[in-house]
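The values are calculated or read from the model by the stated rules, or taken from the named source; none is laboratory data. On a predicted model such as this, the values are computed, not experimentally measured, just so you know. Note that we place each Cβ from the backbone using ideal geometry, even for glycine, and neighbour counts take in every protein chain shown. The area values use the complete protein model at the heavy-atom level, side chains included, leaving out ligands, DNA and RNA. Shrake-Rupley method; radii C 1.70, N 1.55, O 1.52, S 1.80 Å.
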Number of protein chains: 2
Amino acid sequence: MPSETPPHRLSEFAMIAKLFAPLSANAKGAYGLQDDAASLNVPAGQELVVTVDTIVDNVHFFGGDDPADDIAKKALRVNLSDLAAKGARPIGYLLALSLPEWVGDTWLEQFAAGLKEDQRRYAVDLLGGDTTSTEGSLTISITALGSVETGRTLRRGGARPGDIVFVSGTIGDAGAGLAILVCEAPDIPDEAIDHLIARYHLPEPRTELGPRLLGLATAALDVSDGLLADLAHIAEVSGVRIVVEAERIPLSDEYVSFAGSSISAILDAATAGDDYEIAFTAPPSARAAIAAAAQSAGVPVREIGRVEEGSGVVLLDLDGKPIPVGQPGYVHF
Amino acid sequence: MPSETPPHRLSEFAMIAKLFAPLSANAKGAYGLQDDAASLNVPAGQELVVTVDTIVDNVHFFGGDDPADDIAKKALRVNLSDLAAKGARPIGYLLALSLPEWVGDTWLEQFAAGLKEDQRRYAVDLLGGDTTSTEGSLTISITALGSVETGRTLRRGGARPGDIVFVSGTIGDAGAGLAILVCEAPDIPDEAIDHLIARYHLPEPRTELGPRLLGLATAALDVSDGLLADLAHIAEVSGVRIVVEAERIPLSDEYVSFAGSSISAILDAATAGDDYEIAFTAPPSARAAIAAAAQSAGVPVREIGRVEEGSGVVLLDLDGKPIPVGQPGYVHF
């Protein structure tokens, strides 16, 4: 805990009025956070997509060390990433904060400033929320709402044999960033260290890419547990086998400078998690349209494997031989 | 904490599959909780109403003492109460659980059983959620979704001078229940004690009444902070003064057996909170329709005061003299 005597904290109502109500100013149905609930019109022909993700001090972030604005952004972005992977455009979010005594006005101001920046960046508004005190850990739960054309929400269950497996961006950076934070700084350029840590602290939800995959992708999710573990979710729900070619997994230059590009380094990247890239499947006929979507979104997309009949996920080396995978991703508990 | 060595707990995925996925079986857009997000169709002509409330161990319940099924029900019901006060019919909810080590399979099974019972009772489904571990307190955050005819959501800001102030059910029971739990059992019949404690543990959201007030009530909210504190919210947001006649505040026989019916006992009831009744305002012309709505909903509704020009909340005694109110309700922090 960063301080021994509790810092000053505004009363709940003052905090809401001063720090959070301004974040809801553009959302008519948030009623300036003066009500118990928000109302929201989902446009005709659209369905609502809704998701919740919680981040907890000392599990998902380090409240004593990480800047509060980064924590706010991470809490929001992991939810926007879920919406993006469903093809949904974000509308807004609800914020549930459980605050221990050490969280004071200064921390909360910085937290709200982080939300404000990201609201502008991702065109979302705060719709409502709840603040409670806690004797336990700082806990931030965000419910994000988005919309998508009715019936077109991308899901995990649609992958079919013959589909190609794609992933956006690069894999492994966040895991490397966390490793650097937890262990010693490696002997690589500062810029590379900063990049990898930033990828851990501040995921970039692929909000521009996801909606462009509607009608193209057969299954999609965001990579949070680890690429192989998440592809295993698609394989399981779709009832298929997913084959990934290890050397096709996209690694950043920064990751390679940190970990190299051996099979072991690739395996680390593919099992680390927190990437918040979109992994998806699509038929070969969609290749050109996917390339165009990636271009419009400004996000690289790489083919990394294929969908077959069967079950599970297989990682192949350059010779097409399976690579043993111990733990495919983050074990929740 | 109820146990010294951590009890067995299923892995997250096994827990979701075994305990929580069955709770989503009737919600098509929950995809059996196998996806990162749920999708939901809001019927044409309806707007979505959404609210979030968090309950935290040792703040809102006592994880070591309270039965897990009651905790689950309370977490859900406080949210359904918010929807009801907005006139919304509930659709479903998202559940975010942060679990400390002491929460094991047995606790979780009982927790899920409580949700199952209330899902049937209130016709709602689990739509999605998130589970995380925590080094801190058991924290349960529920986001509830409902719908109401577009533009008709009941709010806090519509009370007008000349309106009557109403409240449903009885006030003060939950506060008395909490007092009994925290202090010694009073010398009143066991049935009365049980009733008051049950009112604290298990609020009864007025889901049948709320939607029947659409088009009748000018402002509404659920009583959670304390009757007078919550009426002060209506007064503030509506820009009016609310006058309450103390002896009209509805008290249960059980409450009176515990606390009597002195001005001081009434004041305790009106400032205790956790009632989860609906307080609302409506013009005199709506009296008959409100009585009919109360009858259909099977919930008594009482006139307790009036709306005037001005600001604040005033409590009057039998002679029409203002009663000094120290602390009008629960102070959050």
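For a quick check of your reading of the model, give me the residue pairs whose first member lies in segment B:39-55 and is facing chain A (nearest Cβ under 7 Å), whose second is part of a loop (DSSP other than H, G, I, E, B) and among the charged types (D, E, K, R), with beta-carbon atoms closer than 7 Å and at least 6 apart or on different chains.
These pairs meet every condition: B:Val49/B:Lys86; B:Thr51/A:Asp36.
Output the residues belonging to segment B:175-194 that are crowded, with 20+ Cβ neighbours inside 10 Å and of a type outside the set (A, V, I, L, M, F, W, C).
Within segment B:175-194, B:Gly175, B:Gly177 meet the criteria.
Among the residues of segment A:19-63, which ones are over 30 Å from A:Leu178 (Cα atoms), among the acidic types (Asp, Glu) and modelled with pLDDT of 90 or more?
Matches in segment A:19-63: A:Glu47 only.
Looking only at residues in segment B:119-152 that are among the polar types (S, T, N, Q) and in contact (Cβ under 8 Å) with a residue 60 or more places away in the chain, which one is surrounded by the fewest Cβ atoms within 10 Å (Cβ to Cβ)? Let's see the steps before the verdict.
Looking only at segment B:119-152, we keep the residues that are among the polar types (S, T, N, Q), and these are B:119, B:131-134, B:137, B:139, B:141, B:143, B:147, B:150.
Checking which are in contact (Cβ under 8 Å) with a residue 60 or more places away in the chain leaves us with B:119, B:131, B:137, B:139, B:141, B:143, B:147, B:150.
Numbers: B:Gln119: 20, B:Thr131: 18, B:Ser137: 19, B:Thr139: 29, B:Ser141: 31, B:Thr143: 29, B:Ser147: 25, B:Thr150: 15.
That would be B:Thr150.
If you take just the helices (runs of 4 or more DSSP H) that sit entirely in segment B:239-333, which of them hold at least 2 residues that are within 22 Å of B:Thr207 (Cβ to Cβ)? Before you say what the answer is, go through the steps one by one.
Numbers: elements: B:253-259, B:263-272, B:287-297.
Hits in segment B:239-333: B:287-297.
Just checking, how many residues over segment B:185-232 are under 19 Å from B:Pro300 (Cβ atoms) and touching a strand residue (DSSP E or B) at 6+ places or on another chain (Cβ under 7 Å)? It would help to see each step written out before you state the result.
Keep residues of segment B:185-232 that are under 19 Å from B:Pro300 (Cβ atoms), which gives B:192, B:195-196, B:198-199, B:202-213, B:216-217, B:220-223, B:227, B:230-231.
Still in the running and touching a strand residue (DSSP E or B) at 6+ places or on another chain (Cβ under 7 Å): B:206-207, B:209-211, B:213, B:216-217, B:220-223, B:227, B:230-231.
Selection size over segment B:185-232: 15.
Which one is most open to solvent (accessible area, probe 1.4 Å), of the residues in segment B:153-162 that are at the interface with chain A (Cβ under 9 Å from one of its Cβ atoms) and basic (Lys, Arg)?
B:Arg155
Look through B:Asp53, B:Asp57, B:Asp69 and report the one residue that is in contact with a Ser or Thr (Cβ under 6 Å, 6 or more places away or on another chain) and surrounded by 18 or more Cβ atoms within 10 Å (Cβ to Cβ).
Numbers: B:Asp53 fails: in contact with a Ser or Thr (Cβ under 6 Å, 6 or more places away or on another chain); B:Asp69 fails: in contact with a Ser or Thr (Cβ under 6 Å, 6 or more places away or on another chain).
That would be B:Asp57, the only listed residue that is in contact with a Ser or Thr (Cβ under 6 Å, 6 or more places away or on another chain) and surrounded by 18 or more Cβ atoms within 10 Å (Cβ to Cβ).
Test A:Ala235 against the stated conditions and say whether it is surrounded by 24 or more Cβ atoms within 10 Å (Cβ to Cβ) and out of contact with any helix residue (DSSP H, G or I) (no Cβ under 6 Å at 6 or more places or on another chain). Steps first, answer last, please.
Values: surrounded by 24 or more Cβ atoms within 10 Å (Cβ to Cβ): yes; out of contact with any helix residue (DSSP H, G or I) (no Cβ under 6 Å at 6 or more places or on another chain): yes.
Here the answer is yes, as A:Ala235 does meet what is asked.
Table: residues versus (1) in contact with a helix residue (DSSP H, G or I) (Cβ under 9 Å, 6 or more places away or on another chain); (2) more than 14 Å from chain B (Cβ to nearest Cβ); (3) of a type outside the set (D, E, K, R).
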position: A:Val165; (1), (2), (3): yes, yes, yes
position: A:Gly172; (1), (2), (3): yes, yes, yes
position: A:Glu191; (1), (2), (3): yes, yes, no
position: A:Pro205; (1), (2), (3): yes, no, yes
position: A:Leu221; (1), (2), (3): yes, no, yes
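Take A:Ser24 and tell me if it is without any contact (Cβ under 8 Å) to a residue 40 or more places away in the chain and either touching a helix residue (DSSP H, G or I) at 6+ places or on another chain (Cβ under 9 Å) or polar (S, T, N, Q) (or both).
Working: without any contact (Cβ under 8 Å) to a residue 40 or more places away in the chain: no; either touching a helix residue (DSSP H, G or I) at 6+ places or on another chain (Cβ under 9 Å) or polar (S, T, N, Q) (or both): yes.
When the stated conditions are applied, A:Ser24 does not pass them.
Of the conditions (1) within 14 Å of the chain's Cα centre (by Cα); (2) more than 10 Å from every other protein chain (Cβ to nearest Cβ); (3) buried (at least 22 other Cβ atoms within 10 Å of the Cβ), A:Phe111 satisfies every one except a single condition; which number is it?
Evaluating A:Phe111 over (1) within 14 Å of the chain's Cα centre (by Cα); (2) more than 10 Å from every other protein chain (Cβ to nearest Cβ); (3) buried (at least 22 other Cβ atoms within 10 Å of the Cβ) leaves (1) as the failure.
Looking at (1) at pLDDT 95 or above; (2) assigned to a helix (DSSP H, G or I); (3) not hydrophobic (A, V, I, L, M, F, W, C), which is the one condition that is false for A:Pro205?
All conditions pass for A:Pro205, except number (2).
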